[in-house]
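Data first, discussion second: the structure below is written as structure tokens.
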Amino acid sequence: MGAGEPVGVRHVAIIMDGNGRWAKKRLLPRAMGHQRGVEAVRRVVRGARELGLEALTLYAFSTENWRRPEEEVSDLMGLMKRFILSDLDEFAQAGVRLRIIGDYSAFKPDVVELIDGAIARTASNTGTTLAVALNYGAQDEIARAATKAAAKGPITPETISAELDTADMPPLDLMIRTSGEVRLSNFLLWQCAYAELYFTDVLWPDFTLDHLREALQCFSGRERRYGGR
């Protein structure tokens, strides 16, 4: 499979797992694992553009991640700020549109301000949509969507889908999880109804464009029947 050939895939989501284990294996602090994880994000976003994906959704910070030590949460926020400041120019020039799913208003004001600015700057871009899940949990998303749908009329799968955080994005085709864990961890549960799932033992900081191509190649060999024969 060459560049620009995503074999029918429009929307890929990734649970970026394994930063801590990557650092532990090397006797390094967890913060170093997160830093290397950001480098993997850069590789994959660039790869998504090269492969012509319409949308890439990354699980960056869950509603459960607040339970982590305060120092680690602070490190993650710092990394997020540096990532926006250092990479926004490149992504904006490449036509990437930034979206956030989840409630990032819970972050500190300076982080919220940076995110708001990045969203506004890329809003008119028409290339790959990069959706970053921040303070996101799928059960919370479904509850919010159902509440909004109920306020407008009868609740159906269609009316709930229309209120999801990803409502204006293509349907999810492929969910990738790194580090050998085999679960969804409250990520895009509704959207995964008929998505293909791909699990790899590769730790997120080691994930490369070749690994993404491998996942897409696996996807291309699967038959998607959506409940039919």
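None of the figures in this text is laboratory data; all of them are computed from the coordinates on show. Given the structure is predicted, the values throughout are model-derived calculations rather than measurements. All Cβ positions, even for glycine, are placed from backbone atoms using ideal geometry, and neighbour counts span all protein chains on display.
The label-point distance for Lys148 and Glu181, in a model that sets each label 7 Å from Cα toward Cβ, rounds to 2.7 nm.
Given a cut-off of under 8 Å on Cα pairs at least six residues apart, what relative contact order in percent is computed for the chain?
Details: 354 pairs, mean separation 68.1, N = 229.
Value for the chain: 30 percent.
Which whole number in µm²/s is D for the stretch 11-220 by Stokes-Einstein, with the Kirkwood Rh taken over Cα pairs at 10 °C and 1.306 mPa s? Can you show the working numbers first?
Numbers: Rh = 17.6 Å.
This corresponds to a translational diffusion coefficient of 90 µm²/s.
Dividing the helix sum by the residues of the chain, where each DSSP H run of 4 or more adds -39500 (n - 2.57), gives a mean residue ellipticity at 222 nm of -14000 deg cm²/dmol. Amide H to amide H, which residues 5 or more places from Ile100 or on other chains are under 5 Å from it, using H placed in the peptide plane? Distant-sequence amide H within range of Ile100: Val132.
Under the definition of Cα pairs under 8 Å and six or more residues apart, what whole-number percent is the relative contact order of the stretch 6-139? Relative contact order of the stretch 6-139: 32 percent. In sequence order, the stretch 161-171 has phi-based couplings of 4, 5, 10, 5, 4, 9, 4, 9, 10, x, x Hz under the Karplus curve 6.51 cos²θ - 1.76 cosθ + 1.60, θ = phi - 60°, and Gly or Pro positions carry x. Between the alpha-carbon centres of the stretch 157-229 and the stretch 26-96 there is a gap of 19 Å.
In this structure the amide hydrogen of Asn135, modeled in the peptide plane, comes within under 5 Å of the amide hydrogens of Phe61, Ser62, none closer than 5 places in sequence on its chain.
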